[in-house]
Protein chains: 2
Amino acid sequence: MNIATAQHNPLTEDELRRLDAYWRAANYLTVGQIYLRSNPLLREPLTVEHVKPRLLGHWGTSPGLNLLYAHLNRVIVARDLNAIYITGPGHGGPAIVANTWLEGTWSERYHGTCQDEAGMAQLFCQFSFPGGIPSHVAAEVPGSIHEGGELGYALSHAYGAAFDNPDLLVACVIGDGEAETGPLAGSWLSNVFLNPARDGAVLPILHLNGYKIANPTVLSRIPESDLLDLMRGYGHEPYLVAGDDPATVHQTLAATMDRALDEIAAIQQRARSGGPVERPRWPMIVLRTPKGWTGPREVDDKQVEGTFRAHQVPLSQVRQNPQHLAELERWLRSYRPEELFDATGAPIAELLELPPKGDRRMSANPVANGGQVLRDLVLPDFRDYAVDVPRPGTAVTSATGTLGNWIRDVIAANPETFRLFGPDEVASNRLGAAFEVTDRAWVAATTSGDENLSPDGRVMEVLSEHLCQGWLEGYLLTGRHGLFTSYEAFIHIVDSMVNQHAKWLKVTRDIPWRQPVASLNYLLSSHVWRQDHNGFSHQDPGFIDHVVNKKAEVVRVYLPPDGNTLLSTLSHCLRSRHYINVVVAGKQPTPSWLSMDEAVLHCRRGIGIWNWASSDDGAEPDVVLACAGDVPTLETIAAADLLHQHLPELKVRVVNVVDLMRLQPSSEHPHGLPDSEFDTIFTTDKPVIFAYHGYPWLIHRLTYRRTNHPNLHVRGYKEEGTTTTPFDMVMLNDLDRFHLVIDVIDRVPGLAARAAHLRQEMVDARQSCRDHTRKHGADDPRVTQWRWIRETDAGLSDDR
Amino acid sequence: MNIATAQHNPLTEDELRRLDAYWRAANYLTVGQIYLRSNPLLREPLTVEHVKPRLLGHWGTSPGLNLLYAHLNRVIVARDLNAIYITGPGHGGPAIVANTWLEGTWSERYHGTCQDEAGMAQLFCQFSFPGGIPSHVAAEVPGSIHEGGELGYALSHAYGAAFDNPDLLVACVIGDGEAETGPLAGSWLSNVFLNPARDGAVLPILHLNGYKIANPTVLSRIPESDLLDLMRGYGHEPYLVAGDDPATVHQTLAATMDRALDEIAAIQQRARSGGPVERPRWPMIVLRTPKGWTGPREVDDKQVEGTFRAHQVPLSQVRQNPQHLAELERWLRSYRPEELFDATGAPIAELLELPPKGDRRMSANPVANGGQVLRDLVLPDFRDYAVDVPRPGTAVTSATGTLGNWIRDVIAANPETFRLFGPDEVASNRLGAAFEVTDRAWVAATTSGDENLSPDGRVMEVLSEHLCQGWLEGYLLTGRHGLFTSYEAFIHIVDSMVNQHAKWLKVTRDIPWRQPVASLNYLLSSHVWRQDHNGFSHQDPGFIDHVVNKKAEVVRVYLPPDGNTLLSTLSHCLRSRHYINVVVAGKQPTPSWLSMDEAVLHCRRGIGIWNWASSDDGAEPDVVLACAGDVPTLETIAAADLLHQHLPELKVRVVNVVDLMRLQPSSEHPHGLPDSEFDTIFTTDKPVIFAYHGYPWLIHRLTYRRTNHPNLHVRGYKEEGTTTTPFDMVMLNDLDRFHLVIDVIDRVPGLAARAAHLRQEMVDARQSCRDHTRKHGADDPRVTQWRWIRETDAGLSDDR
Ligand SMILES: Cc1ncc(C[n+]2csc(CCOP(=O)(O)OP(=O)(O)O)c2C)c(N)n1
Ligand SMILES: Cc1ncc(C[n+]2csc(CCOP(=O)(O)OP(=O)(O)O)c2C)c(N)n1
Ligand SMILES: [Mg+2]
Ligand SMILES: [Mg+2]
C-alpha cells in the first residue's frame, strides 16, 4: 500500500513500444548533441570529422530526464493536464532540449532549427558550442524556469510556481546529489504551505540514479526503508520505481504516474469540495534507475553505465581513440535512429503524435514564460498612505509601519497574484497590518492560541531564507508579483541564489520570446544600525555590495530615508519589471523629513539637495554633507544642525541619495547621473562628507570616476559592532553627528584653527554620550530627543 | 522500543530536588540578566530602579537550554564524559552565560565577575548592555564555538567538532525553528560521514518548544509520527521527552539521556572492537516542552508561556506598568533565590557540587577554545614538489595537479588533524593524488565498483557547500586544520557563513583567553574563466569582493599564477593562523612562469615586476601591464609578447600580483604596500593596464587612494559569459591579449597614430579568433599554442 509496484501493466504493447521509441529518440538526440557536428542521422559511417572537437555536456542524468519527460507527456495527454517540468539536475540540458525539439517548440522558438535533418544537425552543432546554446536547462530552453546550474532550488521553484496556480501540475525532478544540498533538503516541507484548494500540485520525483560527479549519493546508499521513512516524514506518500529493464520500468512508471495523479486529483477534489482544508499526504516518486542508462556499459574496461563515470561524457577520447569512436557509433545506433526519424530527418508521425499539443506541451506552457501571463498589480495610490509631515523632522514614525498599511491594501487588491515572503519577520518588521486582510499560509495543525494562520494566508513565513527566495523566484518566473522582507545581515544567505536570478534576468533580456517578469523586490528593514536585541552577527550591510556587482541593467538599490520616500520607492518597485530591487529602510520610529509631494519629487530624482537643511542658498557651499540611508540621514541632519548653530557662517549643502545607482557614471548604469549634474550637486572641489548606510568603500567604487572624488570622505559601517545602543553603534563606526562635524572641521580648508573649540566640544560630546550608555544602558536623551526645529520655515531656506 | 519513555525514574528524590534547584538557579540568573541592573538577589522589594532601561534578550529558548545543560552536567559527572554543548538557538545567550557562572568558568575568565552578590550584579548588568557582553552565545562565552546568531549551522559545527575527537561527546541543541533552515535540514545526514571508531559522537537534541519568533514551527505541527519517521529517515533512533511538569520531565529526560549515552557507548565499543565499521543508528532526543517554560503564564490577558510571545522579553512594560513589575518580581521569586544562593550571593554548596569540575565543565573544555589544543601541521617542504621551469612559459601543467601531490603528503603526515573538504569536486579539481593515501569518508553502504570510499577517509565530500563549510568551521574551532575546495561561483553559497566566521575571528582576536585557531583556507579552482562544461551560472568571481569587505586583519586573497606559486601560497596559508585565506588557481594546464626559487621570492613579496617579460630595464616604462590571476597573467604575457614584437621600442613593464591585499594602502590592510613602493612599481603617471581575474571595480576600490589611480585601466570579468571556449570567454570580457594591446595603444600618449596598423591587426585578430570558434568549436591554435619563447634569456632581460 505504501509503495506502489506495478500491480498491473497499464501500457498496451503498442503504447509501450511507442513510449519506448519516444524515449529512444530523446536519448538519441541527447547523445547527438553532446557528440555530433554533422552526419546527425548516421547516414554515413561515423568518422572523426562528424564529431565535435570539444565534447562537453552531461550524459549521466539525461536518460532519466528523458524517461520522465516521455511519461509525463503520456499522462498530460491522457488527462489533459496543465503541467510544467522542473529539471533539478539542470546540467541535463541536452535531454530537455531534445524533448522540446521533438515537441516542435524548439523549432517554433528558433526558426532556423526545423524538425528535419538540417535542423537536427543545427540542433546538435549548437549545443555547448561557441555562439550556440548553453549546456544547461538555461533560459534559452523553452519551458524552463530553472536552469539548474547551481543545484538545490528545484523544489522551492516548483512550489513557487504552484502557488495560486490551482490547475497547474509541477513535475519536479530532483537529483539525488542535489538532494544533499541544504536548500533542497529544507524544501521538502514546503507542502505545509501549499493549499490544495487554492494552489496547484507539485509532484516531486527523486531521481535516484545513485551518483553525483565522482561519488555515490547519500540517499542511494542509506537503507531503502530509511529513505521511505524520510519521505513519509516530509509528509509524502512515496512510490518507488526501480529497475534497469526498460520495458518493466516503463510499465511500473506508467502505473505509478497514474496512481500518483489519481491521488493528486482526489486530494484536490476533496480540498475543493468546500470542507476545511487539511494537509494531505501528497504522493512523490523515487525513480531508481542506472546513471547513464542505455549508454556505454564499459569503457576502457571500467564500468560506466550505472556509475559515476557516466556523469559527463562517457567516451571522452572519441577523436583520439578509434575504439571509442566505434563504441560511440554502436551506442548511437543502439537507439535505431532509422526507425525514429523519417527520410527528411523529421521524427516519424507516430512520435509526433505522442506529445501534447500547443500550450499543453510542457515546453510551451505559457506559465513557464511568466511575462506572458503577467498582469499588472492593482496598486492603491501610495499617496493616500502618506505620513503628514508639516515640517521636516517632525512626525516620528516607523517607515515600515507606514508602508505596512499600503502593503495590506496591495495584498487585498491582488488576491491571486501577490504574496509577501519572509523568514518569520513580517510582524517584527512592522508590516503586521497585512494581517488585517490575510493570514500566514499554513496547512499544518493549529491550536487555539494561534494567530493569523490559515490555508488561505498570503504571507509566506518559514524560517528559511532559501525557501522564501526560491518560492518567490518560482512565483515571479511564472508571472506573479512579490516582496521579500528579511534581516539585512541574513539576506546574504541567498547571495548565490540572487546571482543566479540576476543571470537569468540578464540573459532573458536578450531572448526575444521571453517576456519581462515582475521584479524581485527586497525590503531589508532590520538593518545593520538597529540590532538592539542581537548584536554583531546581525550587523552586515554587504548585500548591497553583492548586488551591485551584477549587471547594471538588472539591479537597483534604494535607501529611502523615511516613510513617505519608502512608500514612493516601493510603489515604483512593484510596478517595475525584470529588476532586482533592493530597498533598505528601518522599522524603528524616526523623524520624517519630506512631505509626500516632496518625497515623490525626491524619489523621482533619486538624489537631491535638501534646501531646508542647507545654508548655502544660492551660493557655492563650503562643504557638502551627503547621506544615504535612514540612520545616516538622521545623523547628517543633526550634524548640519550643529554646524548651523556653531558655525553659522559656514555654507553647508545637504544632499540626500535615495537611488544609490545615481552615484555611478551614466556610462556604467542607466540610473547614473551625467557628470555635469553630479558636479553641480557635489561641486568639483569642495569637501564632501558622505554618511552612508553600508560599507564606505562602495561609495568610492561608485564614484571614483567623478571629478570631485578626491575630496570625498565616506563614513559608514566598518565592521564594528556588538549588542549596544543605537547611538553607540554609530559612534563605534564614526558615523555619528559629532564625528561628522569633526570631519567637516578637519576637511574644510581653514576651518581647523577657527573651529578648534567646537572640535573639542564634539570629541567631548562623543565621550560623554559613550559614558552615558555605559552608566545608564541607554542613549543620552540629548541625542534621542534631538529634533530638527526651526522657528520659521524661512530661517534657513524659503523654498519649502 | 522506538521511543523511550520514562520506564523508570532514575533520579532519587534528592537528585531530583538538586537537579531542579540547579535548573531554577540557571533560570533565575537568566531572567536576572535580561531584567536587572541591581538588587540581584531581591533582597529588597523590586522597584523600577532595579530594572534595566532597555530590556533586551531572548527568554523563550532559555529554560529548555538550561534544562539540557543541567542534565548534561549530571551525565558528564556520572560517566566522566568529555563533552561540549552547541547552542543552536544562540539567542539564548543568558542561559549559557548563567551556566558558565554557576560552573565558575565565567569568573575564571572574567575576574571581575565573581561568584558573589557583586559578581551577580555585574553579571546581570553587563548582559546586552553597552560596553558589556552580547546577547548571544558569542565568542565571549566560555565553551562556545557557535554563536548561533545566524541560525542553521549548529549540527554541522557539531559534526566538525566530533571528527577526529574520538572521546568527545558533542551535545547539539537544535531549535525547532532553526530546523526549518536549509543548512540545518541538510546537516542531519552528516552521520553518513562520521566514523564511530575514529570520531566522537554527536547527540542531536531537537528543542521542540513549538515556536520561532511569531509563528509555530513546522516540526512541532506535523504529526508526531511523521517527525519520528523523519528522524529515522535521517538514520537516527529518536527518543521523545515531552511534558510541562518539571518533576516528570526531569525523570524522563534523565532516563532518556542515560539510554542515549548507553547506546552511544555501545556503538563506540562495537565500532572500536576491531570489526568492520558500519553506520550505526545513533540516538537523538526530541525535547517537547513549552517555550518560555516557568515564565509568566499570561501577560495582559494573553497567553505567553508555551507560545511565541515568550520568544524575547515576555514582560516588556516593566518600567511603565506596575503590574508588569509585580509580575516580574513574582516570576523571579518563583525560583526561590533565597534557597539557591547563600548570604554572600554565591550558589549554595549543594549547587556548586553538582557540575563537573575543571576541564570537564563544558564551558572549560579545552576543545572549545581550539587554539589551546592546536598543534602545528607537519608540512612537507613544498619546494620538493616544484615544477621544473627551465625558462618562463615552459612546463605546461595543472597548478592544482601540482599542488595535489603536496596535499597528498600533508594528509599522510597529519593523519588526525587535517582534512580536505569539498562538494564532490576534489578529483575534478585535480587533487586526486590525495586518494593515493586516503579515501573519502563514508560509512553508508558501498558496492563493488566504488572508488576511494571508506570510514577512515580524510576527504570529506558531500554535495553541500553548507555542510563542507560548517564541518570545516567546527573542525577548525576545535583546534584542527583543513582546506575547502569548491567551484569559485558556488562558494557564494556560504557567503553568510563566511561572514559569521570572519566576525568570530575578529572578535576573538581581542579576547585574551581565546587562542588563535588555524586559518579557514579556500582553494577555488574551477574558476570563472574555465567553465567549459557549464557556462554562465558557473561564472562568478565575486567571492573575493565579498571577503574583502570583512575586517582587514582577518582576510587574505591570493591569486597565484602557476603551480610553483600555488605551492608556496598554500604552504603559507596552512601555516597561518586566524585568517580567512582565499586562493584562486585554475586546474587546467597552463604554462609555468617561475622556478621555485623565483616563486618563493615572488610570493613573499606578494607582487613583483617580471623582468623577463618586461622591456623597460633600468628605465621608466611607457606602460605598465599588471595582472592578477592565472588566466589574466597568461593573456598579459601574451600581450607583452605582441608588444615586444610589434612595438619593440615601447618600454613595457609587466607586474604580477599574487597577494591582492598588496594593492591596498598600508593604512587599510596590514599587507598593503606603502605608497612609495606602490608608486615605484606602478609609476606615478604612466598608464597601467591591469588584467584582473574578477570584477574590475574591485581593483579600483583597492587602489583609489594611490597616486597613479587616474591612469589605472582595469579589465576583468564584466558578467559576460556562456558555455563557450576559454579564449572566447576572455574575448567576451575584453580581457584577451589582443584587447590588452589595444588598451595599450589607446592609453599610451602618442601611440595611437603610430600604432594604428597594429591596432587594426588586433581588432582583426579578435574577429578571426571568434570566427574560428564559431566554425571549429574550439580555440584557434595560434592562441592555444602560443608560448613565450625567447631565443636567449638575455634577449629582453638579463637577470634570470
Ligand atoms: C551547488 C552546486 N554545487 C556543486 C555543483 C557541481 N555539480 C554539478 S553536477 C553535480 C552532481 C549532481 O548530481 P545529481 O544531483 O545526482 O545529478 P545527476 O546524477 O542526475 O547528474 C555537481 C556536484 C553544482 N552544480 N551546484
Ligand atoms: C538565518 C536566520 N534567519 C532569521 C533569524 C531571526 N531569528 C532569530 S530567533 C528566530 C526564531 C528561532 O526559533 P527556534 O529555532 O525555534 O528557537 P527558539 O524557539 O528556541 O527560540 C529567528 C527567526 C535568524 N537568527 N537567523
Ligand atoms: Mg544522481
Ligand atoms: Mg522554537
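Quick notes
- Checking B:Leu740 against (1) in a helix (DSSP H, G or I); (2) more than 11 Å from chain A (Cβ to nearest Cβ); (3) out of contact with any Ser or Thr (no Cβ under 7 Å at 6 or more places or on another chain); (4) open to solvent by less than 60 Å² (accessible area, probe 1.4 Å), the condition it does not meet: (3)
- For the range B:170-189, the criterion of a residue being within 16 Å of ligand 1 (Cβ to nearest atom), outside any helix (DSSP H, G or I), within 30 Å of B:Thr446 (Cβ to Cβ) and within 9 Å of chain A (Cβ to nearest Cβ) is satisfied by at least one position.
- Taking (1) within 16 Å of ligand 4 (Cβ to nearest atom); (2) assigned to a helix (DSSP H, G or I) in turn, B:Thr256 satisfies each apart from (1).
- Positions within the range B:98-112 being in contact with a Pro (Cβ under 9 Å, 6 or more places away or on another chain) and open to solvent by less than 20 Å² (accessible area, probe 1.4 Å), in sequence order: B:Asn99, B:Thr100, B:Trp101, B:Leu102, B:Glu103, B:Gly104, B:Thr105, B:Trp106
- In the range A:156-182, the residues that are touching a residue at least 40 places away in the same chain (Cβ under 8 Å) reach residues that are within 16 Å of ligand 4 (Cβ to nearest atom) with C-beta atoms within less than 7 angstrom, at least six apart or across chains, in these pairs: A:Gly182/B:Ala185.
- Looking across the range B:48-93, the residues that are away from ligand 4 (no atom under 16 Å from the Cβ), within 14 Å of chain A (Cβ to nearest Cβ) and open to solvent by less than 10 Å² (accessible area, probe 1.4 Å) come down to B:Val51, B:Lys52.
- For the criterion of being in contact with a helix residue (DSSP H, G or I) (Cβ under 7 Å, 6 or more places away or on another chain) and either free of Cβ contacts under 8 Å to residues at least 24 places away in the same chain or within 16 Å of ligand 3 (Cβ to nearest atom) (or both), B:Ala386 fails.
- Residue match in the range B:292-299 (condition: free of Cβ contacts under 8 Å to residues at least 12 places away in the same chain and either away from ligand 1 (no atom under 16 Å from the Cβ) or crowded, with 20+ Cβ neighbours inside 10 Å (or both)): yes
- Here A:Val654 fulfils each of the conditions (1) closer than 24 Å to A:Val583 by Cα; (2) open to solvent by 10 Å² or more (accessible area, probe 1.4 Å); (3) of a type in the set (A, V, I, L, M) apart from (2).
- Hits in the range B:205-236 - residues which are open to solvent by 20 Å² or more (accessible area, probe 1.4 Å) and either touching a helix residue (DSSP H, G or I) at 6+ places or on another chain (Cβ under 6 Å) or not in a loop (DSSP other than H, G, I, E, B) (or both): B:Tyr211, B:Arg221, B:Glu224, B:Ser225, B:Asp229, B:Arg232
Every residue, every condition in (1) within 12 Å of chain A (Cβ to nearest Cβ); (2) more than 21 Å from B:Lys718 (Cβ to Cβ); (3) within 16 Å of ligand 3 (Cβ to nearest atom), yes or no:
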| position | (1), (2), (3) |
| --- | --- |
| B:Ser464 | yes, yes, yes |
| B:Trp471 | no, yes, no |
| B:Asn499 | yes, yes, no |
| B:Lys503 | yes, yes, no |
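- Qualifying residue in the range A:215-223 (condition: away from ligand 3 (no atom under 16 Å from the Cβ), over 18 Å from A:Val75 (Cα atoms) and away from every other protein chain (no Cβ under 14 Å)): no
- Contacts under 6 angstrom Cβ, first residue in the range A:20-43 being modelled with pLDDT of 95 or more, partner open to solvent by 10 Å² or more (accessible area, probe 1.4 Å) and part of a loop (DSSP other than H, G, I, E, B), 6 or more apart: A:Tyr22/A:Leu354; A:Asn27/A:Thr294
- Unmet criterion (only one of (1) outside any helix (DSSP H, G or I); (2) among the acidic types (Asp, Glu); (3) without any contact (Cβ under 8 Å) to a residue 12 or more places away in the chain) for B:Glu677: (1)
- Test result for A:Val396, away from every other protein chain (no Cβ under 14 Å) and part of a helix (DSSP H, G or I): no
The rows are residues; the columns are (1) farther than 30 Å from B:Ala139 by Cα; (2) assigned by the TED database to the domain that holds B:Glu436.
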position	(1), (2)
B:Gly358	no, no
B:Met362	no, no
B:Asp376	no, no
B:Ala395	yes, yes
B:Arg408	yes, yes
B:Ala412	yes, yes
B:Thr417	no, yes
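- Residues that are under 24 Å from A:Tyr159 (Cβ atoms) and away from every other protein chain (no Cβ under 14 Å), drawn from the range A:414-446: A:Asn414, A:Pro415, A:Glu416, A:Thr417, A:Phe418, A:Arg419, A:Val437, A:Thr438
- So A:Ala640, is it in contact (Cβ under 8 Å) with a residue 24 or more places away in the chain, open to solvent by less than 10 Å² (accessible area, probe 1.4 Å) and either part of a helix (DSSP H, G or I) or out of contact with any Phe, Trp or Tyr (no Cβ under 9 Å at 6 or more places or on another chain) (or both): yes
- From the list A:Asp728, A:Asp746, A:Asp771, A:Asp764, the one residue that fits, being within 30 Å of B:Ala138 (Cα to Cα) and either open to solvent by 40 Å² or more (accessible area, probe 1.4 Å) or part of a loop (DSSP other than H, G, I, E, B) (or both), is A:Asp771.
- Filter result for the condition that a residue is assigned to a strand (DSSP E or B) and either over 24 Å from B:His693 (Cα atoms) or modelled with pLDDT under 95 (or both), over B:Arg430, B:Arg419: B:Arg419
- Scanning the range B:130-169 for residues that are within 10 Å of ligand 2 (Cβ to nearest atom) and part of a helix (DSSP H, G or I) yields one hit, B:Ala154.
- The residues on offer are B:Arg288, B:Arg319, and the sole one that is at pLDDT 95 or above and out of contact with any His (no Cβ under 8 Å at 6 or more places or on another chain) is B:Arg288.
- Between B:Asp540, B:Asp545, the distinction of being within 12 Å of chain A (Cβ to nearest Cβ), open to solvent by less than 10 Å² (accessible area, probe 1.4 Å), within 20 Å of the chain's Cα centre (by Cα) and under 28 Å from B:Thr724 (Cα atoms) belongs to B:Asp540 only.
- Taking the listed residues A:Val600, A:Val623, the one that is in contact (Cβ under 8 Å) with a residue 40 or more places away in the chain and either in the same structural domain as A:Ile407 (by the TED database) or under 27 Å from A:Leu732 (Cβ atoms) (or both) is A:Val623, with no other qualifying.
The rows are residues; the columns are (1) over 30 Å from A:Pro516 (Cα atoms); (2) away from chain B (no Cβ under 14 Å).
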{"position": "A:Val304", "(1), (2)": "yes, no"}
{"position": "A:Leu315", "(1), (2)": "yes, yes"}
{"position": "A:Arg319", "(1), (2)": "yes, no"}
{"position": "A:Gln323", "(1), (2)": "yes, yes"}
{"position": "A:Ala326", "(1), (2)": "yes, yes"}
{"position": "A:Asn365", "(1), (2)": "no, yes"}
{"position": "A:Asn369", "(1), (2)": "no, yes"}
{"position": "A:Val378", "(1), (2)": "no, yes"}
{"position": "A:Phe382", "(1), (2)": "no, yes"}
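- Some residue of the range B:376-385 being within 25 Å of the chain's Cα centre (by Cα) and crowded, with 22+ Cβ neighbours inside 10 Å: no
The values are calculated or read from the model by the stated rules, or taken from the named source; none is laboratory data. In this text the structure is predicted, and so the values were computed from the model without any measurement. As a convention, Cβ positions derive from the backbone with ideal geometry for all residues, glycine included, and neighbour counts pool all protein chains shown. All accessible areas refer to the heavy atoms of the entire protein, side chains included, with ligands and DNA or RNA removed. Shrake-Rupley method; radii C 1.70, N 1.55, O 1.52, S 1.80 Å.
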